[in-house]
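Worksheet: one structure, shown below.
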Amino acid sequence: MSAATAHRELSGNVAGAGSSGTAALLPEAVRLFTGFAGIGAAAVIFGLSSNLVAAAVQEAGSTAAQSGSTTAAAALGVAAAVVVGAWALCLLLWSIGSLRRGAPVWPLLTGRLLPAAVALQLGAIIYGLWQLPAANRTFDRSSACAVVLELAILGSVGWLRRRGGPDQPTAAAPSEPAQLKAPPAGRLLAAMFAAAVLVAAVATPGLAATTAGLHAVPHGEHGAHSPSVPALQNPAGHHH
């Protein structure tokens with residue numbers, strides 16, 4: 001028996017043993033993190049949509065008080081809010097579908113739409129940092145957090161694609177489907193908790209910087225405030 005033949009038989013035995021064993025924990029953790037990151041990014045982007053609505057309402061109110069009519073800027077703000085909200089909804093549905101399937105779905109979203117959204121948000125952040133006059137320069141923390149989560153999705157999906165999907169057969173045994181058991185429940189739960197903590201650490205500051213976050217009632221103080229709704233403000237005017 002030649003050395004090459006012995007190597008092929010050994011590789012086949014290892015692949016066969018792995019097909020009936022336990023799935024690796026790292027890919028499962030990355031899939032969970034990808035889904036959670038999508039949910040976190042969707043929540044922050046929904047907050048960005050509320051920022052645009054608040055800015056449009058404020059613009060329309062100030063213009064109506066002066067001239068008695070709304071401006072095109074207010075209508076454009078509402079249209080932008082609808083587009084941003086639709087993108088957040090797409091991310092949320094993608095995350096739910098990916099978590100349900102156990103693998104990223106909708107390759108078009110992660111392959112083309114997500115990089116385009118990241119580029120637009122980075123452009124908005126750079127514009128806020130370099131706009132003139134200098135007194136109007138702001139840092140949009142919500143957009144920055146959304147970009148971080150979206151980049152994490154792109155990196156995770158790319159890593160999973162390079163590694164191969166959970167249902168793809170191995171190169172040594174292309175005709176035998178993989179029969180891997182799920183990782184132990186304790187380790188999988190720990191990975192799920194770690195993924196949720198990482199996403200929350202990025203999404204929470206982003207949500208806190210949105211209009212909804214700025215007017216949220218702190219925990220333990222529910223009922224202590226009057227039921228009147230405070231005037232909406234545009235968080236983009238706050239310097240972070």
Answer yes or no as to whether Leu232 is modelled with pLDDT of 50 or more and either in contact with a strand residue (DSSP E or B) (Cβ under 9 Å, 6 or more places away or on another chain) or among the hydrophobic types (A, V, I, L, M, F, W, C) (or both). no
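The rows are residues; the columns are (1) aromatic (Phe, Trp, Tyr); (2) within 27 Å of Leu48 (Cβ to Cβ); (3) at pLDDT 70 or above.
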{"residue": "Pro177", "(1), (2), (3)": "no, no, no"}
{"residue": "Leu180", "(1), (2), (3)": "no, no, no"}
{"residue": "Pro184", "(1), (2), (3)": "no, no, yes"}
{"residue": "Ala196", "(1), (2), (3)": "no, yes, yes"}
{"residue": "Ala200", "(1), (2), (3)": "no, yes, yes"}
{"residue": "Thr204", "(1), (2), (3)": "no, yes, yes"}
{"residue": "Ala209", "(1), (2), (3)": "no, yes, yes"}
{"residue": "Ala212", "(1), (2), (3)": "no, yes, yes"}
{"residue": "His219", "(1), (2), (3)": "no, yes, no"}
Matching entry among Ala73, Ala55 (being in a helix (DSSP H, G or I), modelled with pLDDT of 70 or more and within 28 Å of the chain's Cα centre (by Cα)): Ala55
Filter the stretch 141-174 down to residues that are touching a helix residue (DSSP H, G or I) at 6+ places or on another chain (Cβ under 8 Å) and among the polar types (S, T, N, Q) and give me whichever is modelled with the lowest pLDDT. Thr170
Among the candidates Gly38, Gly16, which residue alone is part of a helix (DSSP H, G or I) and either modelled with pLDDT of 90 or more or closer than 30 Å to Ala152 by Cβ (or both)? Gly38
Scanning the stretch 105-154 for residues that are under 21 Å from Leu93 (Cβ atoms) and without any contact (Cβ under 8 Å) to a residue 12 or more places away in the chain gives Val105, Pro107, Leu108, Gly111, Arg112, Ala116, Leu120
Among the residues of the stretch 94-142, write down those that are surrounded by 13 or more Cβ atoms within 10 Å (Cβ to Cβ), hydrophobic (A, V, I, L, M, F, W, C) and not in a helix (DSSP H, G or I). Ala103, Val105, Trp106, Phe139
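The values are calculated or read from the model by the stated rules, or taken from the named source; none is laboratory data. Note that the coordinates shown come from a computational prediction; the quantities given were computed from them, not determined experimentally. In this analysis, Cβ positions are derived from the backbone assuming ideal geometry, glycine residues included, and neighbour counts consider all displayed protein chains.
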